[in-house]
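See below for the structure under consideration.
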Amino acid sequence: AAAVMPIFAQDKVSDPDRQIMARITVASDLDMQRVARLGLDLMEYREGDDLIFLTTQEQLDELRNAGWNARVDERLTTELPRAGDTETFMGGYRTVEETYAFLNQMAAAYPHLAQVFTYGQSWEKKQNPLNGYDLRGIKLTNREIRGGEKPKFFLQAGIHARELVPPEMATRFIQYLLTNYGIDGDATWILDEHEIIVVPILNPDGRKIAETGQLKRKNTNGTTGGCS
């Protein structure tokens with residue numbers, strides 16, 4: 001019979017910087033409060049008393065030394081996507097650069113309806129102007145129709161880097177409104193009578209890491225704790 005891979009392992013991972021999936025047991029509400037203060041990169045699910053989190057061997061060792069029942073989940077770790085597993089970004093999602101190029105294309109194609117704006121810089125760009133990204137969005141409205149302030153709708157996506165679908169849905173929302181203006185009554189009314197402001201990728205630094213296949217969640221600011 002084939003050998004069964006253990007679910008848990010106490011052995012160290014050979015590469016200390018490699019991402020691993022791990023479990024930490026919380027036996028009480030007090031434990032949960034203590035875990036919440038650790039700044040772990042928790043997944044959005046749990047199994048029984050175990051919380052699942054993304055980590056490194058170094059952080060796992062620190063947790064064990066502090067007395068926590070934390071251990072590698074080998075099965076979930078082997079399921080982590082790795083850079084180079086696919087030829088495209090997770091099967092075809094737009095990269096940060098492609099998303100920004102899309103915004104520029106929409107503004108060029110519909111100049112009276114779309115306007116790209118920059119509202120800041122990402123963490124990496126603040127550290128080094130040669131790295132990171134400008135933070136960009138797009139405002140959709142028929143600027144030829146005036147007469148008072150229009151109601152505003154604000155949509156932001158790409159907050160968590162590994163949540164790949166929301167930025168894609170945001171870009172499709174933009175495309176739908178613009179390409180259907182003058183054709184679909186609802187799309188026309190929305191852009192004539194409202195201002196639609198869309199920020200499709202709020203966290204481009206983290207998104208760029210997610211494009212390599214890593215399950216990055218936050219941005220790259222490591223000065224505020226362990227959940228950068």
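Quick look at the numbers
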| item | result |
| --- | --- |
| In region 80-99, residue nearest to Q175 (Cα to Cα) [restricted to those that are open to solvent by less than 20 Å² (accessible area, probe 1.4 Å) and at pLDDT 90 or above] | T99 |
| Hits in region 118-136 - residues which are open to solvent by less than 70 Å² (accessible area, probe 1.4 Å) and in a strand (DSSP E or B) | G120, D134, L135, R136 |
| Any hit, region 174-193, residues being touching a residue at least 24 places away in the same chain (Cβ under 8 Å) and more than 21 Å from F102 (Cβ to Cβ) | yes |
| Selection from region 197-226 of residues that are open to solvent by less than 10 Å² (accessible area, probe 1.4 Å), at pLDDT 85 or above and not in a helix (DSSP H, G or I) | V198, V199, P200, I201 |
| Residues of region 150-168 satisfying the condition of being farther than 14 Å from I196 by Cβ, open to solvent by 70 Å² or more (accessible area, probe 1.4 Å) and not β-branched (V, I, T) | E163 |
| Positions within region 153-187 being outside any helix (DSSP H, G or I), closer than 18 Å to F117 by Cα and in contact with a Ser or Thr (Cβ under 9 Å, 6 or more places away or on another chain), in sequence order | A157, G158 |
| Residues satisfying the stated conditions in region 22-79, i.e. among the small types (G, A, S), under 22 Å from the mean Cα position of the chain (by Cα) and at pLDDT below 90 | A36, G39 |
| Single residue of region 169-191 satisfying the filter (open to solvent by 50 Å² or more (accessible area, probe 1.4 Å) and charged (D, E, K, R)) that is nearest to the chain's Cα centre (by Cα) | R172 |
| L113 being open to solvent by less than 30 Å² (accessible area, probe 1.4 Å) and either modelled with pLDDT under 95 or within 18 Å of the chain's Cα centre (by Cα) (or both) | no |
| Members of region 120-142 found to be at pLDDT 95 or above and farther than 18 Å from P167 by Cβ, listed by number | Q121, T141, N142 |
| Within region 137-152, considering residues that are touching a strand residue (DSSP E or B) at 6+ places or on another chain (Cβ under 7 Å) and in a loop (DSSP other than H, G, I, E, B), the one farthest from Q105 (Cα to Cα) | K150 |
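This table checks each residue for (1) out of contact with any Lys or Arg (no Cβ under 9 Å at 6 or more places or on another chain); (2) at pLDDT 95 or above; (3) not small (G, A, S).
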| site | (1), (2), (3) |
| --- | --- |
| A101 | no, no, no |
| T118 | no, yes, yes |
| G147 | yes, no, no |
| E163 | no, no, yes |
| A170 | yes, yes, no |
| L191 | yes, yes, yes |
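The values are calculated or read from the model by the stated rules, or taken from the named source; none is laboratory data. Computed from a predicted model, the values in this text were never measured in an experiment. Cβ: placed from backbone, ideal geometry, glycine included. Neighbour counts: every protein chain shown. Ligands, DNA and RNA are stripped out before the accessible areas are found, and what is left, the full protein with its side chains, is counted by its heavy atoms. Shrake-Rupley method; radii C 1.70, N 1.55, O 1.52, S 1.80 Å.
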